[in-house]
There are 2 protein chains.
Amino acid sequence: MKKITVEKKVLSENDKKAAAIRQALASHGVLSLNFVSSPGSGKTSLLEKTLASLVNDLKIALIAGDVQTENDADRLIAAGGEAVFPLVTGGSCHLDAKMISDILPKIDLDNLDLLIIENVGNLVCPASYDLGEDMKIALISTTEGHDKPLKYPGMFRRSSVLVINKTDLLGTSDFDVITVKKNALKINADLKFFETSCRTGDGLKQWFQWLSAEVKIKKNSN
Amino acid sequence: MKKITVEKKVLSENDKKAAAIRQALASHGVLSLNFVSSPGSGKTSLLEKTLASLVNDLKIALIAGDVQTENDADRLIAAGGEAVFPLVTGGSCHLDAKMISDILPKIDLDNLDLLIIENVGNLVCPASYDLGEDMKIALISTTEGHDKPLKYPGMFRRSSVLVINKTDLLGTSDFDVITVKKNALKINADLKFFETSCRTGDGLKQWFQWLSAEVKIKKNSN
């Protein structure tokens with residue numbers, strides 16, 4: 001029981017910090033997205049493509065979380081990211097709002113349209129930590145099995161978008177797009193879907209268009 | 001600081017229970033393996049193939065952990081598992097020794113050669129929880145990226161074996177077997193490797209042979 005009490009306290013502290021982050025970003029009309037998935041679903045690959053496509057039109061900052069290494073941050077800088085902040089958790093299985101709060105003062109919010117947070121690859125724990133984002137964007141790759149939304153419901157319940165990635169590998173397993181969508185909608189009827197292949201480029205245009213539109217909506221709501 | 005103290009206490013309780021499990025299994029000459037990986041790396045597929053191949057020669061019990069659903073347990077029963085125990089964590093991101101202790105009395109250790117525990121799909125948290133196993137068997141699929149041992153070092157450091165699975169998909173990404181082995185050996189120089197495809201059957205024979213030999217070694221050490 002003691003453990004549960006302490007966890008609740010930690011989460012409540014996290015929620016306060018997340019609310020402050022959300023307010024700071026909203027007051028600047030900055031859209032913020034928290035990318036979550038299993039390790040290797042393609043979060044960094046999708047963000048590389050997103051940067052390459054949108055970096056001339058939008059002012060984007062990225063926080064790249066990992067348990068160890070700054071590999072993802074290095075890839076995002078190479079892809080054109082001008083404001084990339086590596087966040088090495090040193091063992092922790094998720095990002096929390098304090099980690100984001102600590103980085104936020106380094107980001108020029110007056111000159112920002114979009115803040116992207118790439119969470120640790122983990123389909124369980126990051127679901128419980130609000131980072132002050134507008135939306136969680138979940139990824140699932142077509143090699144992971146279409147039952148994952150049912151087996152890890154927390155993450156899919158708290159996400160607004162599900163990107164089904166690596167569609168170029170459809171047919172190499174029994175993964176079925178219709179079934180994964182049906183399973184995901186059982187958990188969260190409001191999920192919006194994209195189907196992408198970062199390898200062939202299929203479906204990326206629709207993703208870029210939606211993302212650009214969401215940035216404008218956020219800017220205009222300010 | 002308070003949170004750290006409590007976590008230490010929880011881990012110490014876990015270690016005591018894990019030691020008791022280890023002793024109970026050892027006194028019966030039962031080999032116990034804890035399978036760990038990202039979601040969708042193919043733990044259940046490898047175990048389906050393992051059951052189908054060894055169920056006539058070895059007495060095997062399986063504990064199938066998941067955050068939600070008994071899908072994996074159902075698959076293992078369908079694959080010939082006669083003593084399959086579903087373990088739904090209901091949100092928790094890892095199995096712990098208490099969960100295993102609670103199931104152990106239901107297992108007939110006098111008539112058992114091998115206990116297989118399939119952990120929750122999570123490359124971070126299960127690394128910290130000893131379940132009383134002889135070895136952790138980590139899986140990585142060839143679609144996950146060969147940098148994963150460097151990014152999630154805890155799991156690879158604490159595993160004895162790394163199964164590189166889905167080798168039929170080599171060539172569909174830049175995943176390189178030599179590089180993943182090199183990265184894994186940087187973290188843990190004692191890792192033993194297998195390369196398998198549960199789809200084509202490639203490499204499974206070597207895995208079955210090694211596993212049967214390990215069961216015999218454990219039995220004879222009793």
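Read-outs: derived from the displayed coordinates by stated rules, not from any lab. These figures come from a predicted structure and were not determined experimentally. Glycine gets a Cβ as well: all are built from the backbone with ideal geometry, and neighbour counts include every protein chain shown.
Of all the strands (runs of 3 or more DSSP E) wholly in region B:1-96, which have at least 3 residues that are within 13 Å of the chain's Cα centre (by Cα) and in contact (Cβ under 8 Å) with a residue 24 or more places away in the chain?
In region B:1-96, B:31-36, B:60-66 are the strands (runs of 3 or more DSSP E) which contain 3 or more residues that are within 13 Å of the chain's Cα centre (by Cα) and in contact (Cβ under 8 Å) with a residue 24 or more places away in the chain.
Of the conditions (1) touching a residue at least 60 places away in the same chain (Cβ under 8 Å); (2) surrounded by 13 or more Cβ atoms within 10 Å (Cβ to Cβ); (3) in contact with a Ser or Thr (Cβ under 9 Å, 6 or more places away or on another chain), B:Asn222 fails just one. Which one is it?
(2)
Filter region B:186-222 for residues that are in contact with a Gly (Cβ under 7 Å, 6 or more places away or on another chain), polar (S, T, N, Q) and under 26 Å from A:Ser173 (Cβ atoms) and give the result.
Correct list: B:Thr196, B:Ser197.
Can you tell me which residue is nearest to A:Thr44 (Cα to Cα) among those in region A:158-171 that are of a type in the set (D, E, K, R) and within 11 Å of chain B (Cβ to nearest Cβ)?
By that ranking, first place goes to A:Lys166.
Would you confirm, using the coordinates I've provided, whether B:Asp174 is part of a loop (DSSP other than H, G, I, E, B), under 19 Å from the mean Cα position of the chain (by Cα), exposed (fewer than 14 other Cβ atoms within 10 Å of the Cβ) and not basic (Lys, Arg)?
No, not satisfied.
Given the conditions (1) touching a residue at least 40 places away in the same chain (Cβ under 8 Å); (2) among the hydroxyl-bearing types (Ser, Thr, Tyr); (3) within 14 Å of another protein chain (Cβ to nearest Cβ); (4) surrounded by fewer than 19 Cβ atoms within 10 Å (Cβ to Cβ), and given that B:Ser101 satisfies all but one, which numbered condition is not satisfied?
(3)
Residues that are more than 8 Å from chain B (Cβ to nearest Cβ), out of contact with any strand residue (DSSP E or B) (no Cβ under 8 Å at 6 or more places or on another chain) and either over 30 Å from A:Lys181 (Cβ atoms) or of a type in the set (S, T, N, Q) (or both): does region A:132-148 have at least one?
no
Does A:Lys182 fit the bill of being free of Cβ contacts under 8 Å to residues at least 60 places away in the same chain, charged (D, E, K, R) and in a helix (DSSP H, G or I)?
yes
Do you know which residues across region A:114-165 are in a loop (DSSP other than H, G, I, E, B), more than 23 Å from A:Thr69 (Cβ to Cβ), out of contact with any helix residue (DSSP H, G or I) (no Cβ under 6 Å at 6 or more places or on another chain) and free of Cβ contacts under 8 Å to residues at least 60 places away in the same chain?
A:Gly145, A:Tyr152, A:Ser160 - these are the residues of region A:114-165 that are in a loop (DSSP other than H, G, I, E, B), more than 23 Å from A:Thr69 (Cβ to Cβ), out of contact with any helix residue (DSSP H, G or I) (no Cβ under 6 Å at 6 or more places or on another chain) and free of Cβ contacts under 8 Å to residues at least 60 places away in the same chain.
Would you confirm, using the coordinates I've provided, whether B:Asp174 is within 12 Å of chain A (Cβ to nearest Cβ), of a type in the set (D, E, K, R) and within 20 Å of B:Arg199 (Cβ to Cβ)?
no
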